[in-house]
1. Which ones in segment 39-59 are open to solvent by 50 Å² or more (accessible area, probe 1.4 Å) and of a type in the set (Lys, Arg)?
2. Checking residue 12 against (1) within 14 Å of residue 76 (Cα to Cα); (2) at pLDDT below 90; (3) among the charged types (D, E, K, R), only one condition comes out false. Which one?
3. Condition first: closer than 17 Å to residue 177 by Cα, among the basic types (Lys, Arg) and modelled with pLDDT of 85 or more. Can you find one or more residues in segment 132-153 that meet it?
4. Can you pull out every residue in segment 35-76 that is closer than 25 Å to residue 17 by Cα, within 13 Å of the chain's Cα centre (by Cα) and among the acidic types (Asp, Glu)?
5. What is the residue count in segment 154-164 for residues that are open to solvent by 60 Å² or more (accessible area, probe 1.4 Å) and either part of a helix (DSSP H, G or I) or over 18 Å from residue 90 (Cα atoms) (or both)?
6. Taking the criterion of being farther than 14 Å from residue 86 by Cβ and either of a type in the set (S, T, N, Q) or under 12 Å from the mean Cα position of the chain (by Cα) (or both), would at least one residue in segment 27-34 satisfy it?
7. What number of residues within segment 150-184 are closer than 19 Å to residue 84 by Cα and small (Gly, Ala, Ser)?
8. Between a first residue in segment 117-144 that is of a type outside the set (A, V, I, L, M, F, W, C) and a second residue that is modelled with pLDDT of 80 or more and open to solvent by less than 40 Å² (accessible area, probe 1.4 Å), which pairs have beta carbons less than 6 Å apart while being 6 or more apart in sequence or on different chains?
Amino acid sequence: MPAPLVGDVGGDIGDDAELLAAARAGDSEAFRLLWQPVERRAFGVCFHLTANRPDALDALQETQLAAWKGMHRYEGRAPFAAWVLAIARNAALSVVRRRSSHDDLLFPEAAEPHAAESGFDDTVADLVDLRRALATLSPAHREALLLWAGGLTYEQTAAALEVPLNTVKVWIFRGRRSLRELLG
């Protein structure tokens, strides 16, 4: 069950409002307290959209910087985590668009380690299989599924992707069904 999005930081909505006000005023510690609970989920979105750790870390850094610089634009209509995950999605897609092709590498096989071939346990192999299965989904289905699995509601996912609610529900349903078939 995903963690609640409201009251993520201190458990009290008033605390969140105080932290938001302080962060908007330039308090980096308040921003850190807001950022910390959502950082892992933001990394997950970035990782699954970029398909590799270095690009995901770049996208995560861009996400954190954009959230910090854009605090004045956060209106509070959705939970802070939903706002950050939407930024993470955009940052990850931006990294993917500008990423150079692995064809340019002298040794393309060195571009990304093959975890399943390196002798790790079944858990790592399962994660590799999941990543490969996610890569086969359409971008829309994958993005909707990752945002939803990251803890956003259907409504928040629809808002982040700027599509109708029923469209998001269909995308998530079809994405989950495809993953079940592929990983079955």
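1. 40, 53
2. With respect to (1) within 14 Å of residue 76 (Cα to Cα); (2) at pLDDT below 90; (3) among the charged types (D, E, K, R), residue 12 is out only on (1).
3. As a first pass, look at segment 132-153 and keep what is closer than 17 Å to residue 177 by Cα: 132-149.
Filter again for among the basic types (Lys, Arg), leaving 132, 142.
After this cut, where a residue has to be modelled with pLDDT of 85 or more as well, the list is 142.
For segment 132-153, residues closer than 17 Å to residue 177 by Cα, among the basic types (Lys, Arg) and modelled with pLDDT of 85 or more: present.
4. Hits for segment 35-76 are 39, 62.
5. The number of residues fulfilling the criteria is 4.
6. Taking segment 27-34 and keeping what is farther than 14 Å from residue 86 by Cβ, we get 27-34.
This time we only want the ones that are either of a type in the set (S, T, N, Q) or under 12 Å from the mean Cα position of the chain (by Cα) (or both), so: 28.
Within segment 27-34 (the criterion being farther than 14 Å from residue 86 by Cβ and either of a type in the set (S, T, N, Q) or under 12 Å from the mean Cα position of the chain (by Cα) (or both)), the answer is yes, since at least one residue qualifies.
7. Of all residues in segment 150-184, those closer than 19 Å to residue 84 by Cα come to 150-163, 168.
With small (Gly, Ala, Ser) added as a condition, the list becomes 150-151, 158-160.
The number of residues fulfilling the criteria is 5.
8. Pairs found: 141/175; 142/134.
The values are calculated or read from the model by the stated rules, or taken from the named source; none is laboratory data. The shown structure was predicted, so the numbers you read here are calculated from the model rather than taken from an experiment. Methodologically, a virtual Cβ is constructed for each residue, glycine included, from the backbone with ideal geometry; neighbour enumeration extends over all protein chains shown. Ligands, DNA and RNA are stripped out before the accessible areas are found, and what is left, the full protein with its side chains, is counted by its heavy atoms. Shrake-Rupley method; radii C 1.70, N 1.55, O 1.52, S 1.80 Å.
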